[in-house]
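To start, the structure itself, in structure tokens.
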Amino acid sequence: MERIVFGRTNLKIAPIGFGAWGISGRDWGKTDDSQSKKAINKAIDEGMNFFDTADNYGWGHSENLIAEVLKERQDKHDIIIATKAGNNFYPYLDQKHNISPGNPDYSKKHLIFAVEQSLKRLNRDRIDILQLHSPSLSMVEDEEAFEALEILKIQGKVKHAGWSIASFAETEQADMVEKYNELIDVIQVRYNLLERQAEDKILPVALKYNIGVIARIPLLFGFLSGKFTRKSKFGSDDHRSMNLSAEKLDSYLKKMELMEPFFTKNAKYTKAQLSLKFCISHPAVHVAIPGCKTEQQVMENIGAAYIPDSVNINEF
């Protein structure tokens with residue numbers, strides 16, 4: 001895949017990245033570490049060099065898997081890892097939970113501690129991009145989180161500071177991103193065919209300051225692959241039992257059905273590929289990070305980068 005410059009950073013990334021929540025072993029039902037490692041290896045083999053994870057994905061397991069694969073490879077000099085912190089899972093390590101409980105902590109003390117732990121798991125001296133993990137405005141209004149990012153950058157433990165914007169708070173949090181535009185190099189936003197709130201205010205702010213933009217949930221937890229129906233069910237250990245409830249599936253399917261003529265017209269590409277192409281076609285977006293659990297998913301996702309611009313994605 002062609003590399004592009006990631007906003008005002010000096011990083012060069014492929015426009016389709018690897019979303020690593022789904023391989024974490026938590027919150028997505030049962031996963032297979034051997035399949036996950038094959039997926040990571042396949043991604044690198046095919047030119048994918050941007051991996052997005054978080055410390056609480058599998059309570060460190062996602063970071064560990066990425067590190068294990070990279071340890072075995074020689075061609076890892078251009079691999080970029082973006083991780084996140086701000087959800088303190090450490091008190092729950094010896095407990096059993098179907099779905100990971102939330103425990104937000106954006107204090108300076110916790111964020112600095114969390115980065116030290118991520119560095120150990122990732123087996124790195126410096127994190128390429130550290131993102132605040134979807135805090136509400138009230139959680140960061142005392143500014144400790146931003147002070148922590150500044151300290152970590154000065155210490156050289158974090159190269160670029162980022163903010164994963166809370167879902168459905170894109171407009172609400174845009175002013176804070178503008179306020180800290182000199183510190184925040186990268187933002188991550190919820191953005192897909194059916195959820196475009198980011199277009200209203202925060203993506204224009206990113207363009208104004210040349211902030212790098214990561215599009216998360218670009219396939220809406222797999223929904224935009226077209227494989228779910230109104231009868232689809234998810235286990236109690238899968239967050240989609242809530243995030244893709246029967247009511248939400250019905251609502252999303254009604255919107256999706258209106259797009260069928262476009263999908264039919266461009267049937268040489270899958271729905272997932274066209275959905276990803278939509279995300280990376282926005283001028284503010286640099287990379288989309290679909291989940292990649294298997295080698296097959298990796299290959300399908302990468303195909304989106306090769307859809308020609310002659311396919312008018314703006315018909316959506």
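The values are calculated or read from the model by the stated rules, or taken from the named source; none is laboratory data. None of the values given here were measured: they were computed from a predicted structure. Note that each Cβ is placed from the backbone with ideal geometry, even for glycine, and that neighbours are counted across all protein chains shown.
So which residues in region 107-150 are part of a loop (DSSP other than H, G, I, E, B) and within 13 Å of A161 (Cβ to Cβ), if there are any at all? Even if it seems obvious, please write down each step before you answer.
Taking region 107-150 and keeping what is part of a loop (DSSP other than H, G, I, E, B), we get 107, 123-126, 134-136, 141-143.
Correct list: R126 only.
Could you please give the count of residues in region 238-256 that are in contact with a strand residue (DSSP E or B) (Cβ under 9 Å, 6 or more places away or on another chain) and part of a helix (DSSP H, G or I)?
Residues that pass the stated criteria total 1.
Determine if region 96-103 includes at least one residue that is closer than 19 Å to E144 by Cβ, crowded, with 19+ Cβ neighbours inside 10 Å and touching a strand residue (DSSP E or B) at 6+ places or on another chain (Cβ under 9 Å). Let's see the steps before the verdict.
First, the residues of region 96-103 that are closer than 19 Å to E144 by Cβ: 102-103.
Right, trim to crowded, with 19+ Cβ neighbours inside 10 Å and you get none.
Checked region 96-103: no residue is closer than 19 Å to E144 by Cβ, crowded, with 19+ Cβ neighbours inside 10 Å and touching a strand residue (DSSP E or B) at 6+ places or on another chain (Cβ under 9 Å).
Considering only residues of region 93-121 that are over 24 Å from S136 (Cα atoms) and among the hydrophobic types (A, V, I, L, M, F, W, C), which is nearest to the chain's Cα centre (by Cα)?
The residue in question is L119.
Would you check if L70 is among the aliphatic types (A, V, I, L, M), farther than 25 Å from V5 by Cα, out of contact with any Leu (no Cβ under 7 Å at 6 or more places or on another chain) and at pLDDT 95 or above?
Considered against the rule, which asks whether it is among the aliphatic types (A, V, I, L, M), farther than 25 Å from V5 by Cα, out of contact with any Leu (no Cβ under 7 Å at 6 or more places or on another chain) and at pLDDT 95 or above, L70 comes out as no.
Does A43 satisfy being surrounded by 21 or more Cβ atoms within 10 Å (Cβ to Cβ) and touching a Ser or Thr at 6+ places or on another chain (Cβ under 8 Å)?
Considered against the rule, which asks whether it is surrounded by 21 or more Cβ atoms within 10 Å (Cβ to Cβ) and touching a Ser or Thr at 6+ places or on another chain (Cβ under 8 Å), A43 comes out as no.
Here are some conditions: (1) touching a strand residue (DSSP E or B) at 6+ places or on another chain (Cβ under 9 Å); (2) farther than 29 Å from I211 by Cα. M259 meets all but one. Which one does it not meet?
Result: M259 passes all but (1).
What number of residues within region 282-305 are part of a helix (DSSP H, G or I), in contact with a strand residue (DSSP E or B) (Cβ under 8 Å, 6 or more places away or on another chain) and either farther than 16 Å from S225 by Cα or not β-branched (V, I, T) (or both)? Give the steps one after another, and end with the answer.
At the first step, the residues of region 282-305 found to be part of a helix (DSSP H, G or I) are 295-305.
From the residues that got through so far, the ones that are in contact with a strand residue (DSSP E or B) (Cβ under 8 Å, 6 or more places away or on another chain) too are 297-298, 301-302, 304-305.
Filter once more, keeping what is either farther than 16 Å from S225 by Cα or not β-branched (V, I, T) (or both): 297, 301, 304-305.
Adding up the residues that qualify gives 4.
Could you run through region 153-170 and say how many residues are assigned to a helix (DSSP H, G or I) and either in contact (Cβ under 8 Å) with a residue 40 or more places away in the chain or surrounded by 15 or more Cβ atoms within 10 Å (Cβ to Cβ) (or both)? Outline the logic, then answer.
Taking region 153-170 first, the residues assigned to a helix (DSSP H, G or I) are 153-155, 170.
Those left that are additionally either in contact (Cβ under 8 Å) with a residue 40 or more places away in the chain or surrounded by 15 or more Cβ atoms within 10 Å (Cβ to Cβ) (or both): 153, 170.
Within region 153-170, residues that are assigned to a helix (DSSP H, G or I) and either in contact (Cβ under 8 Å) with a residue 40 or more places away in the chain or surrounded by 15 or more Cβ atoms within 10 Å (Cβ to Cβ) (or both) number 2.
Of all residues in region 139-152, which are surrounded by fewer than 22 Cβ atoms within 10 Å (Cβ to Cβ) and either in contact with a helix residue (DSSP H, G or I) (Cβ under 9 Å, 6 or more places away or on another chain) or without any contact (Cβ under 8 Å) to a residue 12 or more places away in the chain (or both)?
Here is the first cut: in region 139-152, the ones surrounded by fewer than 22 Cβ atoms within 10 Å (Cβ to Cβ) are 139-144, 146-147, 150-151.
Matches in region 139-152: M139, V140, E141, D142, E143, E144, F146, E147, I151.
If you scan region 46-80, which residues turn out to be among the hydrophobic types (A, V, I, L, M, F, W, C) and crowded, with 23+ Cβ neighbours inside 10 Å? Please lay out each step first, then the result.
As a first pass, look at region 46-80 and keep what is among the hydrophobic types (A, V, I, L, M, F, W, C): 48, 50-51, 54, 59, 65-67, 69-70, 79-80.
Answer for region 46-80, where residues must be among the hydrophobic types (A, V, I, L, M, F, W, C) and crowded, with 23+ Cβ neighbours inside 10 Å: M48, F50, F51, A54, L65, I66.
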